[in-house]
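Read through the structure below, which is laid out as structure tokens, and then see the notes.
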Amino acid sequence: MSIDIQQIRSQFPILEREVNGKPLVYLDNGATSQKPKVVLDILDEYYEKYNANVHRGIHTLSQEATDLMEESRRKIQKFINAKHDHEIIFTRGTTEGINLVSNSLRNILTADDEIIITEIEHHSNIVPWQLLCQRTGAKLKYIPLTAEGILDIEKLDDLLTDKTKLVCVNQVSNALGVVNPIKTIIEKAHSKGAWVLIDAAQSAPHTAIDVQEMECDLLVFSGHKMYGPTGIGVLYGKEEILNELPPFHGGGEMIKDVTMEISTYACLPFKFEAGTPDIAGIIGLGAAVDFINSIGIENIHDYEKELVDYTIQRLSEFDEVEIYAKDAEHSGAVSFNLKFDGVHSSDVGMILDKKGIAVRTGHHCAQPIMQHFKVPGTVRASFAVYNTKEEIDTFIDGLKTAIRMLG
Ligand SMILES: *Cc1c(COP(=O)(O)O)cnc(C)c1O
């Protein structure tokens, strides 16, 4: 099936905007994607027609709001092919999902345990584990990178021991756009009895996810990077694991009975959803999933792969450009720098912005990778289904100007 990009673009009001007198070319989708009209409209519609608190009310509005929220949970269950809808926990985003798990493990892990992460993680998949290890005395180990900037997966065999309790890795790197070998990592980790947490923040918008086929134990992603609202995200966990983990936040919604001495907890998913949730955000995320399904995630994947391949091909025309992990499999993003001494990625970003082109510059919340390449930052172009080859040509023209001005 070929997709009608102009029809898709027409669903995103912001794409009609001009920036600095030029049509917006938005290539910062790895930071957050734009939102289609269906998502924007449903947020208004929720507040105009259904607003009420969920799960507690006997009245009609409360029941309607609850039904919409739970319908959204089932849409997300289907989207990642989870076995049960109660394996879908709503969070504020990837960061909160990881912090939920790491805080929950505070009373389970001991100084004898080990956690393995990688040098290619976002800070939100590093810092929570450092905090957990400081609190429990558990040991944190890293899968290193090869010189090229991809995971040195051979090293995992040495790192994995009987003490490994958890392995955490992103499916796609936000900093480089590189696809990581999560299948191999999951198989090896499971052979030692360790759980695996997948950070799917950069894969959920671009690739079909099937948690049962993947066999990951926990998986997190953010709504705002996949056409949904900000402030809403998902933690998926296998039922038996979520049952084993103690709650993170205490409060309303998450209890069965409370006495002054002790409380018993509600069943899944409510055990992990204390307080009034972001009801509008949850419904908005459901609409974002509908939007993705209306095009088909496989179609989105194939089209974006063309965009990424074309970008790498065009960037390769310049001797002045260094593309990171160039030969690795990419998804959704490409990271590069100009090879000029003393030129920072932000210099390139500012010149592009004058031409209405939005890219991300800096360390992308992934400083260990920058340390690996011995650079303070990179320029990252990242894509969504509404981007076009013409926009990439505009971006390349802008880059030519940057090379002329900075060289
Ligand atoms: C964006 C991102 C995060 C953090 O997501 P938030 O929405 O800011 O919580 C974590 N990991 C990766 C790979 C990301 O791209």
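For the condition charged (D, E, K, R), under 27 Å from the mean Cα position of the chain (by Cα) and closer than 29 Å to Pro13 by Cβ, Asp353 qualifies. If you check Asp353, Asp327, Asp347 for being away from the ligand (no atom under 16 Å from the Cβ) and closer than 12 Å to Leu27 by Cβ, only one passes: Asp353.
Listed here are the residues, each with its yes/no results for (1) touching a strand residue (DSSP E or B) at 6+ places or on another chain (Cβ under 8 Å); (2) among the β-branched types (Val, Ile, Thr); (3) surrounded by 13 or more Cβ atoms within 10 Å (Cβ to Cβ).
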{"residue": "Asp257", "(1), (2), (3)": "yes, no, no"}
{"residue": "Phe272", "(1), (2), (3)": "yes, no, yes"}
{"residue": "Asp278", "(1), (2), (3)": "yes, no, yes"}
{"residue": "Ile282", "(1), (2), (3)": "yes, yes, yes"}
{"residue": "Asp302", "(1), (2), (3)": "no, no, yes"}
{"residue": "Phe318", "(1), (2), (3)": "no, no, yes"}
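Restricting attention to region 330-344, the residues that are of a type in the set (A, V, I, L, M) and either more than 16 Å from the ligand (Cβ to nearest atom) or in a loop (DSSP other than H, G, I, E, B) (or both) add up to 2.
I'm trying to understand the selection: among the residues of region 27-38, which are more than 16 Å from the ligand (Cβ to nearest atom) and either over 17 Å from Gly231 (Cα atoms) or β-branched (Val, Ile, Thr) (or both)? Matches in region 27-38: Lys37, Val38. Of the residues making up region 81-128, those that are more than 16 Å from the ligand (Cβ to nearest atom), of a type in the set (A, V, I, L, M) and either outside the structural domain of Tyr50 (by the TED database) or surrounded by 17 or more Cβ atoms within 10 Å (Cβ to Cβ) (or both) are Ala82, Ile88, Leu105, Leu109, Ile115, Ile116. The residue that is surrounded by the most Cβ atoms within 10 Å (Cβ to Cβ), counting only those in region 182-208 that are away from the ligand (no atom under 16 Å from the Cβ) and in a loop (DSSP other than H, G, I, E, B), is Ala194. With the condition kept exactly as written, say whether any residue in region 209-223 is closer than 23 Å to His330 by Cα, β-branched (Val, Ile, Thr) and assigned to a helix (DSSP H, G or I). Looking through region 209-223, at least one residue is closer than 23 Å to His330 by Cα, β-branched (Val, Ile, Thr) and assigned to a helix (DSSP H, G or I). The helices (runs of 4 or more DSSP H) falling completely within region 47-148 that include 3 or more residues that are touching a residue at least 24 places away in the same chain (Cβ under 8 Å) and of a type in the set (Val, Ile, Thr) map to 94-104. Quick check on Gly284: is it on the phi > 0 side of the Ramachandran plot and in contact with a Gly (Cβ under 8 Å, 6 or more places away or on another chain)? Against the criterion (on the phi > 0 side of the Ramachandran plot and in contact with a Gly (Cβ under 8 Å, 6 or more places away or on another chain)), Gly284 does not qualify. Where strands (runs of 3 or more DSSP E) sit wholly within region 227-283, those with at least 2 residues that are touching a residue at least 12 places away in the same chain (Cβ under 8 Å) occupy 233-237, 263-265.
The values are calculated or read from the model by the stated rules, or taken from the named source; none is laboratory data. Because the structure is a prediction, the values reported are computed rather than measured. Cβ sites come from the backbone with ideal geometry, for glycine too, and all protein chains shown count toward neighbours.
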